[in-house]
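S.K.: Questions regarding the structure given below will be posed in turn.
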Amino acid sequence: MNNKFPVVQFPRLYNNGPPRKKPSSLPSVDGWGEYGHVMTIGTVQSRGADLKFEAQHSLKGEKWKPVEPVAVPLLSPNSACKVSSVTPADLTTKGKIIRRIGEHESLKGALDFTEHMSNFYLDNYDDAFSAMGGLLEEHLYFGDGSLKGRIRETTIGVSQLNKFLENMKYKTCPFTTLGDRSRLQSYLFGDSIYDIPPALLAENIHEEMALQRNRVLFDSATTGGALGYFPLEEKERFQDGCLIYPSKAALNYLNFRKIVVEFGEEDTPKLSMRNKPVTFELNGTIRQISMGNVEEQVYVGVRSDYLCGVWRVDSKMKPASLQVIQTEQIATCINVSPHIPGEMLVTSESGAAYLWSLERGLNKIRHETENLHFNAQSSWRWCDFTAHPRVVTYADRSGVDLTDMRSPENQSQALFSIGEASECSKGERVILPKYLSDVNAYHYLITTQYSAYIVDERFPCLPVMKWEHMLESPPMFSQVLPGEPWNRSNKVLLATQRSQELLMLQYSGKTLLSIQGVCFTSE
């Protein structure tokens, strides 16, 4: 463990661009990255002159050698899990409920109440009118004849209303001479015939449509990613490992499969799968997969909406199911401890965070009904481990706190607040906090819609690195590959959900000497 403090703190986050007396004379980069950590060489007489820079902190990185890519996908795409290509501009225009591939619905037009309410009355007429319809049935006459033989004072003929409704099926104007009488009957029954008052129905539809619209743009249920990998055996030109992933249309099958990576004479990688996967059927869609390697045992935590389970895998690829818990509220996070075998952190939308031990069960360590730093109007919560086994992080959309489980009142301290971060944007929120235990025991990765931060828990509220990732959608998944064993830079892979983008960040040195990025977009 690297317990040494950095020799020099890096002058970052409080100056935008190169440190000059006249920032206005610098060329605009139009949001594409930054000029951080550089100084200009010489003076600039005019705006059109060529600028030369030298790095304040630099480190020679490894050389990248192009090789032939692996053209064939390792696993075939899951045709039942299509990602909607709806853009935010489409969601602001009026439209209808559109049924897309699979069994999902995308909502377009959160303000088109008339269309959606009429669909509800036509498609769910039993729920909308059954009670009052039964009470009024004896007082309504739907036949074509007269009301002779009936009590005219308590019976109303609605045959003309039937003709009016039949005309509504056509595109021709339905407001004929029958419209006046039908309108009067509508006024007569308007306050009593509905089982669900229209005002209450409109409010509920608006709330549901807003939730569905936000879910199309950003679904927080899949934060953390449902994909995992750990190596089993490594040699110079050969490596085999275990790939953990969900499958089937409902993503309710958990698979453990052995993967072999071989390198040819020209360093061309070749992937292959050995044997059939070990599969477990779960009672819910798999939302997140978390892993922790402790004492040569790999513990795998799996989260669905209301169920969380843990498996143990050894080097012989024999996964064993250990325990399952059920939550009252929707679970939002599960993270496996890198320190103590059989310990996990679980959070839910209720605001509660639990330490889950295979030996002692669940123990509530913190419960917050409100957001940490400001009202972000979000019930999403997240928990992760730190360099100390009994100090954990507790996060929501407004920031990240450190919580000491050893203290009687679980004392906490702010680690990161997005509202206090330099050059933060309006509406910027925390998306994914991740403990970088494989890279540095004190480092944390925190992503937002616009930036990626590296935070050192020894220096709270002062990020040591910031990078504008420029991804179209918020990064919800991260995978880390440490480079120290091979004297290389650390690789951090960020991935999005809706836009299906991949971004690889790499930084070198135990004190963050440099950072670079490469972006890949799925067409």
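The values are calculated or read from the model by the stated rules, or taken from the named source; none is laboratory data. Since the model is a prediction, treat every value here as computed from it, not as a measurement. Methodologically, a virtual Cβ is constructed for each residue, glycine included, from the backbone with ideal geometry; neighbour enumeration extends over all protein chains shown. Quick note on the areas: whole protein, heavy atoms, side chains included, nothing else; ligands and nucleic acids left out. Shrake-Rupley method; radii C 1.70, N 1.55, O 1.52, S 1.80 Å.
S.K.: Rolling a 1.4 angstrom probe over the protein heavy atoms, how many square angstrom per residue are accessible across segment 283-381?
M.R.: Value for segment 283-381: 47 Å² per residue.
S.K.: Now, a different point. Could you give the dipole magnitude of segment 345-498 about its Cα centre, charging the beta-carbon of Lys and Arg +1 and that of Asp and Glu -1, in debye to the nearest 20?
M.R.: Taking the Cα centre of segment 345-498 as origin, the dipole is about 260 debye.
S.K.: Here's something else I'd like to know. Past 28 Å, Cα to Cα: identify those pairs from 65/318; 270/434; 276/434; 270/491; 235/318, in the order given.
M.R.: 65/318; 270/434; 276/434
S.K.: Packing-wise, with mean Cβ within 10 Å as the measure, how do 270-283, 251-264 rank, highest first?
M.R.: 251-264, 270-283
S.K.: Here is a further query. Bin width 10 Å, alpha-carbon pairs only: give the P(r) of segment 335-381 as whole percents, running from 0 to the bin holding the largest distance.
M.R.: Result, from short to long distances: 27, 44, 23, 6 percent.
S.K.: So how strong a dipole does segment 378-429 carry about its Cα centre when Lys and Arg Cβ are +1 and Asp and Glu Cβ are -1, to the nearest 20 debye?
M.R.: The dipole of segment 378-429 has a size of about 140 debye.
S.K.: To continue, here is another question. Pick out, from 202, 244, 224, the residue whose Cα sits farthest towards the positive end of the charge dipole of segment 189-255, with +1 on the Cβ of Lys and Arg and -1 on the Cβ of Asp and Glu.
M.R.: Of the listed residues, the answer is 244.
S.K.: Choose one of 348, 334, 324: the residue whose Cα lies farthest towards the positive end of the charge dipole of segment 309-387 (beta-carbon charges +1 Lys, Arg; -1 Asp, Glu; about the Cα centre).
M.R.: 324
S.K.: While we're on this one: If each Cα of segment 347-414 is one equal point scatterer, what is log10 of I(q)/I(0) from the Debye formula at q = 0.14, 0.20, 0.28 Å⁻¹?
M.R.: -0.39, -0.78, -1.38
S.K.: Suppose every Lys and Arg Cβ carries +1 and every Asp and Glu Cβ carries -1, with no other charges. What dipole size does segment 246-311 come out with about its Cα centre, to the nearest 20 debye?
M.R.: For this selection, approximately 400 debye.
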